[in-house]
Amino acid sequence: MADPKGFLKVKREASKHRPVCERVKDYTEVILPRRDKEIRDQSSRCMDCGTPFCHWGCPVGNYIPEWNDLVFQGHWKRAFELLDATNNLPEITGRVCPAPCEYSCVLGINDDPVTIRENELAIIEHAFKKGLIKARPPKERTKKTVAVVGSGPAGLSCAAQLNKAGHKVVVFERDERIGGILRYGIPEFKLEKWVLDRRIKLLKKEGIEFKTGVNIGTDYATSKLNKEFDAISLTGGSREPRDLKIEGRDLKGINFAMDYLCQSNRKLEGQDIPKGEVIDAKGKKVVIIGGGDTGADCVGTAHRQGATCIVQIELLERPPECRADHQPWPLYPMLLKTSTSHEEGGERHWSVLTKRFIGEGGSVKKLSCVNVEFTEGDKNGCPVMREVPDSEFEIEADLVILAIGFVHPEHKGLLDKLGLEFDPRGNVKTGEDYMTSKKGIFAGGDMRRGQSLIVWAISEGRKVAHHIDKYLMGSTNLPNI
Ligand SMILES: Cc1cc2nc3c(=O)[nH]c(=O)nc-3n(C[C@H](O)[C@H](O)[C@H](O)COP(=O)(O)OP(=O)(O)OC[C@H]3O[C@@H](n4cnc5c(N)ncnc54)[C@H](O)[C@@H]3O)c2cc1C
Ligand code: SF4
């Protein structure tokens, strides 16, 4: 145990953020790195619980109490080895995971939870700084080949695990660069892209081959893939955006969040965007529809592009600031989240339904909205929404971003050509062994579970690798977590 009285002596201290006035002028990461001493103090708060609920709350099963103790004792190398055993991308989750483990931390019952995510980040960055992380190609190769389609966190974790088992892995990515949403969705101010490049360099050195600009099912026949590889892993994400098909939707200036965020990230990587396709908030009144994390990323991006006014609206009611009775500890609760982007300015409104977009000269100018309220559930237990009488109002907007989620993976192209079965939500259906309706074709990450979290994508990528290895070799040493 780190320090038997640590949690009594030390209060939780979260990482500091760069000042708002400074950070909105650039895209550098908002969070300031911590000193080793601060991390050691924070890890001393871990009580090394008999039943560590943090472990239960972590989809990849990180050895949290163990590495908290090791960090406190100054055994950074051993802490890194334990972290590396369960998570292929801790430098990513350490930065942007919403940390379900912290919501299950036992200390969180009557105090603030341990800073688990920040401790994770400190361990992995310490390991990189001290040169503890080296490419470890497998000693023997199996002569089996696996195609991984999609290079997001699920694809990268799956590829890393299968390569470790000695298989020849080729990752196909339709974008021009590797990373999926880590590269093109999440803004630089949350995750600088050199972090991703550093990991990809390592994976390449370990023997994984990456082929970018290849859209499987469109410019590379699925039959060819079937013929050339012993197994296929589908980790293509879930990118079919939910639309808001109301009057005025065709007006210019209304865009999907991923189109906006992808373009912003591409611009920062030095790509030229054709003039007619530019989506920029500079000097504009921006309305973001959707109160989730993607919407918050759009808020932060619009601040940096120089929007004159930013309003984020959400259909659902304002979430509570403390746990509701129906989401007791150790469950992951729906709470009001104030992200670093919200700290930077803009307005947020809840219980707002957008009825129509109003235009002028073919471009959006206003949103016509109404307040709504939710009453007791219907006979199926679903809350019923009703418009509040006489609550109609308008919001001015030159740029509208739709950040209302994703329905399921894109069916057109790859999935239709493979003729795979879908689950009732339109995601790729698999058995418990992650195999799809076609033998030798497996699926994981958002493509299988729907739009989720990075840590779930990593967990699924690892599980797919476990099952592919077993399928190819008859047995496996790869963990099934
Ligand atoms: C804007 C945004 C911000 C987010 N922020 C966070 C966050 O801060 N923390 C968090 O935990 N989660 C976050 N998420 C969720 C998280 O990013 C996803 O759950 C995760 O990236 C899913 O990983 P994946 O590998 O399954 O898919 P993706 O990351 O979507 O990667 C799939 C890849 O497959 C490629 N692909 C698809 N089809 C083909 C094909 N036919 N041929 C070749 N390549 C193909 C795609 O181009 C893409 O690169 C965010 C999501 C969004 C949209
Ligand atoms: S639940 Fe919290 S206090 Fe207990 S072992 Fe995990 S991190 Fe430590």
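Please treat every number below as a calculation from the coordinates, not as lab data. All values derive from a computational prediction rather than experimental measurement. Cβ placement follows ideal geometry from the backbone for every residue including glycine, while neighbour counts extend to all protein chains displayed.
Spread over its residues, the convex hull of the C-alpha atoms of segment 379-421 is 154 Å³ per residue. Remark on Lys355: its backbone amide H falls under 5 Å from those of Ser368, Cys369, Val370, a criterion applied only to residues 5 or more positions apart or on other chains, H modelled at 1.01 Å from N.
Membrane-span-like helices in the chain, defined purely by DSSP H runs whose alpha carbon atoms cover 30 Å or more axially and whose average Kyte-Doolittle hydropathy reaches 0.0, do not occur.
Over the chain, what is the percentage of antiparallel beta bridges among all DSSP beta bridges, to the nearest 5?
Taking every DSSP beta bridge with both residues in the chain, the antiparallel ones total about 40 percent.
Close lysine pairs were tallied over segment 322-420: pairs 8 or more places apart or on different chains with Cα atoms under 28 Å apart number 5. Rounded, prolate or oblate: pick one for segment 56-133, where a ≥ b ≥ c are the square roots of the eigenvalues of its C-alpha gyration tensor, a/c under 1.5 means rounded, and failing that, prolate if a/b is larger than b/c, else oblate. Verdict is prolate for segment 56-133. Ordering Glu421, Glu13, Glu188 by the number of other Cβ atoms within 10 Å of each residue's own Cβ, fewest first, gives Glu421, Glu13, Glu188. Given R0 = 22 Å, the distance between the Cβ atoms of Lys417 and Glu209 translates into a calculated FRET efficiency of 0.45.
Given a cut-off of 24 Å, name the pairs among Lys211/Lys252; Lys139/Lys168; Lys190/Lys211 whose C-alpha atoms lie farther apart than that in the structure shown.
On the way: Lys211/Lys252 35 Å; Lys139/Lys168 13 Å; Lys190/Lys211 26 Å.
Over 24 Å apart, Cα to Cα: Lys211/Lys252; Lys190/Lys211.
How long are the semi-axes of the equivalent ellipsoid of the chain, taking √(5λ) for every eigenvalue λ of the Cα gyration tensor, in whole Å from largest down?
Numbers: eigenvalues 254, 184, 100 Å².
They are 36, 30, 22 Å, listed largest first.
Remark on Val407: its backbone amide H falls under 5 Å from those of Glu240, Arg242, a criterion applied only to residues 5 or more positions apart or on other chains, H modelled at 1.01 Å from N.
Model label points for Lys77 and Ala221, set 7 angstrom from Cα along the Cα-to-Cβ axis, are 5.3 nm apart. Based on Cα atoms of segment 249-385, Rg over Rh with Rh as the Kirkwood radius reads 1.03. Distance distribution P(r), segment 46-188, all Cα-Cα pairs, bin width 10 angstrom from 0: 11, 34, 34, 18, 4, 0 percent. Taking 0.36 nm per residue of sequence separation and removing the Cα-Cα distance, the Lys355/Lys275 pair yields an extension gain of 25.7 nm.
Bridging of Lys9 to lysines at a Cα separation below 21 Å is possible for Lys37, once same-chain residues fewer than 8 apart are set aside.
Would you mind calculating the gained length between Asp112 and Leu202 on full extension (0.36 nm times residue separation, minus the Cα-Cα distance), in nm to one decimal? Walk me through the numbers on the way to the answer.
Details: separation 90, 0.36 × 90 = 32.40 nm, distance 3.62 nm.
That pair, Asp112 and Leu202, stretches by 28.8 nm at full extension.
Kirkwood hydrodynamic radius computed over segment 1-130 comes to 14.8 Å, based on all pairs of distinct alpha carbons.
Calculate the FRET efficiency for Asp230 and Glu394 from the Cβ-Cβ distance with a Förster distance of 56 Å, rounded to the nearest 0.05.
Working: r = 59 Å, r/R0 = 1.05.
E between Asp230 and Glu394, to the nearest 0.05, is 0.40.
Check each of the trypsin sites (Lys or Arg not before Pro) in segment 121-229 and keep only those in coil by DSSP with at most 11 other C-beta atoms within 10 angstrom; list them in order.
Working: sites: Lys129, Lys130, Lys134, Lys139, Arg141, Lys143, Lys144, Lys164, Lys168, Arg174, Arg177, Arg183, Lys190, Lys193, Arg198, Arg199, Lys201, Lys204, Lys205, Lys211, Lys224, Lys227; in loops: Lys130, Lys134, Lys139, Arg141, Lys143, Lys144, Arg174, Arg177, Lys190.
Sparse-neighbourhood loop trypsin sites (Lys or Arg not before Pro): Lys130, Lys134, Lys139, Lys143.
The alpha-carbon of Lys284 sits under 18 angstrom from the alpha-carbons of these aspartates and glutamates, leaving out residues fewer than 8 places away in its chain: Asp259, Asp297, Glu344, Glu347, Glu360, Glu394, Glu396, Asp398.
Between Ile288 and Val311, Gln312, Ile313, Ile401, the built amide H atoms are under 5 Å apart, and every one of these is 5 or more places off in sequence or on another chain.
The calculated 222 nm mean residue ellipticity attributable to helices in the chain amounts to -9500 deg cm²/dmol, summing -39500 (n - 2.57) over DSSP H runs of n ≥ 4 and dividing by all residues.
Of all aspartates and glutamates in the structure, those lying under 18 Å Cα to Cα from Lys439, and not within fewer than 8 positions of it along the same chain, are Glu228, Asp230, Asp416, Glu421, Asp423, Asp469.
Using a ≥ b ≥ c from the Cα gyration tensor of segment 360-452 (square roots of the eigenvalues), is it rounded, prolate or oblate, where a/c under 1.5 gives rounded and otherwise the larger of a/b and b/c decides, a/b for prolate? It is oblate, given that a/c is not under 1.5 and a/b is not larger than b/c.
Remark: segment 148-235 is approximated by an ellipsoid whose semi-axes, taken from the C-alpha gyration tensor as √(5λ), come to 22, 16, 9 Å, largest first.
Taking neighbour counts of Cβ atoms within 10 Å as a proxy for exposure, in what order, fewest first, do Val169, Val24, Val364, Val388 appear?
Numbers: Val169 29, Val24 19, Val364 24, Val388 12.
Taking fewest neighbouring Cβ atoms as first place, the list is Val388, Val24, Val364, Val169.
Find out how many positive minus negative residues lie around Tyr220, taking Lys and Arg as positive, Asp and Glu as negative, among other residues whose Cβ is under 13 Å from that of Tyr220.
On the way: positive: Arg174, Lys211, Lys224, Lys227, Lys417; negative: Glu173, Asp219, Glu228.
Computed value for this residue: +2.
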